[in-house]
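Notes for the one structure printed next.
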């Protein structure tokens, strides 16, 4: 059975090419800064360039453009205005005391530039990685649910990079986690690719069998409704713990202890249960009553 699953995983991974992610990371994001004084410009630049290593700071500084003049042929991807000046309606505005608003609005409105922003400007890195992890968790949870419900069409998930049908949910979850690993590495200013991340990819594939075995165990022990949520919660929790571990590894060079991972998994499992319950209520309201939450709490102790 493990050999069969490994074959499916290998085939699925063959559909995932890290080139697009690497290309997005290598494309500089040019940011136009609009302010009325040198002091204001310096304040904005310090925000974007904070806590960067000297080499990366020099490269990123070249991506910040002060008050670009169209006649000079200067181009930019994002325009940011200091809060002391009049800005166009709907513009991105830099408020020194509320920088998180700027970060989240920028990522929401310019998602295609997220990897480049995170790689070049540290304030955007953690929020972007959190978005990547959350999105992957939701996708894996939803896929786990749809494959367990024969009358729900799995194509409710639209992933442009998924060019082939997946023979098992284990293969889908694994390749989606590998993609997450590529994106987190790119956002963390690390090399991206199978060879460059061979240890991380091996960890993802190895952990897939553990999550798969646990999900099967829970489904077998809990009645249908609870078993469905348990399986989906395992997919959510396994993905989140992996994402957080990768983020920590790329940030400080080492990952969590076994005890810390267990704590993270317990909390993520509870979150996954809630997310899965909402999805089931939306997809199959008639099954909501069968998905009793009480047995899932006991599942944490299995």
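Below are the figures for this structure:
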{"quantity": "Ordering of 189-198, 170-179, 107-116 by burial proxy (mean other Cβ atoms within 10 Å per residue, highest first)", "calculated": "170-179, 107-116, 189-198"}
{"quantity": "Prolate/oblate/rounded label for segment 27-113 (Cα gyration tensor, a/c 1.5)", "calculated": "rounded"}
{"quantity": "Cα gyration tensor, segment 76-135 - rounded (a/c under 1.5), prolate or oblate", "calculated": "prolate"}
{"quantity": "Fraction of beta bridges assigned by DSSP in segment 27-113 that are antiparallel (%, nearest 5)", "calculated": "0"}
{"quantity": "Protection-proxy order for peptides 48-54, 22-28, 142-148, each taking the mean of Cβ atoms within 10 Å per residue, highest first", "calculated": "142-148, 22-28, 48-54"}
{"quantity": "Ordering of 245-252, 33-40 by burial proxy (mean other Cβ atoms within 10 Å per residue, highest first)", "calculated": "245-252, 33-40"}
{"quantity": "Cα centroid of segment 178-196 to Cα centroid of segment 82-109, whole Å", "calculated": "29"}
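Only the coordinates and a few stated rules stand behind these numbers; no lab work does. This one's a predicted model, so the numbers in the text were calculated from it and none came from an experiment. Heads up, the Cβs are rebuilt from the backbone with ideal geometry, glycines too, and the neighbour counts pull from every protein chain shown.
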